[in-house]
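Working notes, beginning with the structure itself.
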Amino acid sequence: MARLYSLFVLLDLALLVVALIDCLSAEEFAIRALPRVAWVFIILLFSPVGAIAWFVAGRPAPTVRLSNGTTWRPGSGFPEDERPQRRSGQRAPDDDPEFLRNLATSLREDESMMKKWEADLRRREEELRRREREAE
């Protein structure tokens, strides 16, 4: 039992040291959720939960390599020349009357198609029942 307990203590100490080194070596602007000082106190005071919280919620987000070869960091937004622009005449779908009209038309078409399918299904079921009665 003492060996198992000492193993947990060593794992806790290793996790604490790794999390503390990672926190202290991270760039201040990249640390998420809290300032570095708060993370150091959390890691030291609430071991091992603090270290796990650092790796889950505080550690800087990894950079993402985009398909065009550039890198992007979460939260960095778009460079001004690459920012998506909304066209002047473009509207959101729920503000566009033509889209809403087409939506209503599509809904009516779907309802009529469903009614046709239901009628066809009823007809086929009746035909099957009639065949079963004749076969008896």
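The values are calculated or read from the model by the stated rules, or taken from the named source; none is laboratory data. These numbers come from a predicted model, not from an experiment. Cβ atoms come from the backbone with ideal geometry, glycine included; neighbour counts cover every protein chain shown. Surface accessibility is based on the protein's heavy atoms, side chains included, excluding ligands, DNA and RNA. Shrake-Rupley method; radii C 1.70, N 1.55, O 1.52, S 1.80 Å.
Please list, ordered by first then second residue, the pairs with beta carbon atoms under 6 Å, 6 or more apart or interchain, first in region 101-115 and touching a residue at least 24 places away in the same chain (Cβ under 8 Å), second part of a helix (DSSP H, G or I) and surrounded by 10 or more Cβ atoms within 10 Å (Cβ to Cβ).
The qualifying pairs do not exist here.
Looking at region 41-63, which of its residues are among the hydrophobic types (A, V, I, L, M, F, W, C), in contact (Cβ under 8 Å) with a residue 24 or more places away in the chain and open to solvent by less than 40 Å² (accessible area, probe 1.4 Å)?
Within region 41-63, Ile43, Ala51, Trp54, Ala61 meet the criteria.
Is there any pair linking a residue in region 1-28 that is under 13 Å from Ile52 (Cβ atoms) to one that is among the polar types (S, T, N, Q) and in a helix (DSSP H, G or I), with Cβ under 8 Å and at least six apart or on different chains, and which?
none
Given the structure, is Leu44 part of a helix (DSSP H, G or I), aliphatic (A, V, I, L, M), under 30 Å from Ala14 (Cβ atoms) and at pLDDT 75 or above?
So Leu44 fits the description; yes.
Would you call Asp12 under 20 Å from Ala61 (Cα atoms) and among the charged types (D, E, K, R)?
No.
Quick one: in region 3-20, of everything that is open to solvent by 80 Å² or more (accessible area, probe 1.4 Å) and among the aliphatic types (A, V, I, L, M), which residue is farthest from the chain's Cα centre (by Cα)?
Leu4
Considering each residue of region 61-83, count those that are outside any loop (DSSP other than H, G, I, E, B) and at pLDDT 75 or above, and give that number.
So the answer is 3.
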